[in-house]
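The values are calculated or read from the model by the stated rules, or taken from the named source; none is laboratory data. Keep in mind the model is a prediction, meaning the values are calculated, not measured. Glycine gets a Cβ as well: all are built from the backbone with ideal geometry, and neighbour counts include every protein chain shown.
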Amino acid sequence: MVRSDHRKKQNGLQVTDNFRQRLAAAYEVWGASAGTTPARFFELMDEAIEFHSVLEREFPRDPLSGPFNGRTAVIGYWSAIAESWELLSSKTDALVGDEDRVVWVGRVRWRHRRTLREFQSTKVDVWSVWQDRAIRYFEMFDSAGYARATGQLEPAISQ
């Protein structure tokens with residue numbers, strides 16, 4: 001029994017390591033292209049991926065709030081990002097994984113194409129992996145900063 005559990009854990013960690021390496025490459029290419037080449041992310045996703053955002057609760061009517069279910073819907077999400085936002089910078093601070101989870105921690109800076117307001121935030125993406133495919137994704141970032149950049153929340157008046 002112990003041997004079986006050990007083998008299962010080893011296999012899970014091997015999958016995570018492989019996925020983590022491919023995910024790191026996807027973030028690198030995406031950042032270097034100013035957010036215009038998300039195809040490597042799509043290659044990591046299961047057809048039935050669940051894609052979630054911190055925006056779901058606070059801004060449910062926002063076109064990027066989600067949830068997005070299935071790879072086709074996620075591709076639509078990335079298209080909506082490209083239409084609304086210009087990625088100015090993206091930096092990976094950490095990429096860590098354990099068993100069936102891989103977490104990307106980084107910083108992003110965007111410019112909203114309609115308002116021309118910039119938005120900078122720490123960003124955390126949690127990827128759940130099964131059989132070396134992403135089955136769930138959850139992103140977290142400064143939602144108030146996002147709302148100010150999109151014009152959904154007016155910037156604070158500085159005195």
Query - Odd one out for residue 149, checked against (1) at pLDDT 95 or above; (2) small (Gly, Ala, Ser); (3) surrounded by 13 or more Cβ atoms within 10 Å (Cβ to Cβ); (4) within 14 Å of the chain's Cα centre (by Cα) - result: (4)
Report task. Give the range 96-146 a look and list any residue that's over 16 Å from the mean Cα position of the chain (by Cα) and in a loop (DSSP other than H, G, I, E, B), or say none. Result -> 99, 100, 113, 114, 115, 116, 117, 131, 132
Report summary line: Every listed condition ((1) part of a strand (DSSP E or B); (2) among the charged types (D, E, K, R); (3) under 27 Å from residue 152 (Cβ atoms)) holds for residue 83 save (1)
Requested in this report: Name the one entry in 100, 62 that is surrounded by 18 or more Cβ atoms within 10 Å (Cβ to Cβ), at pLDDT below 95 and touching a Ser or Thr at 6+ places or on another chain (Cβ under 9 Å).
Outcome: 62
Query raised in the report: Of the residues 108, 102, 126, which single one is touching a strand residue (DSSP E or B) at 6+ places or on another chain (Cβ under 9 Å), in contact (Cβ under 8 Å) with a residue 60 or more places away in the chain and β-branched (Val, Ile, Thr)?
Result: 102
Report summary line: For the range 20-56, the count of residues that are outside any helix (DSSP H, G or I), more than 13 Å from the chain's Cα centre (by Cα), more than 17 Å from residue 107 (Cβ to Cβ) and touching a residue at least 40 places away in the same chain (Cβ under 8 Å) equals 3
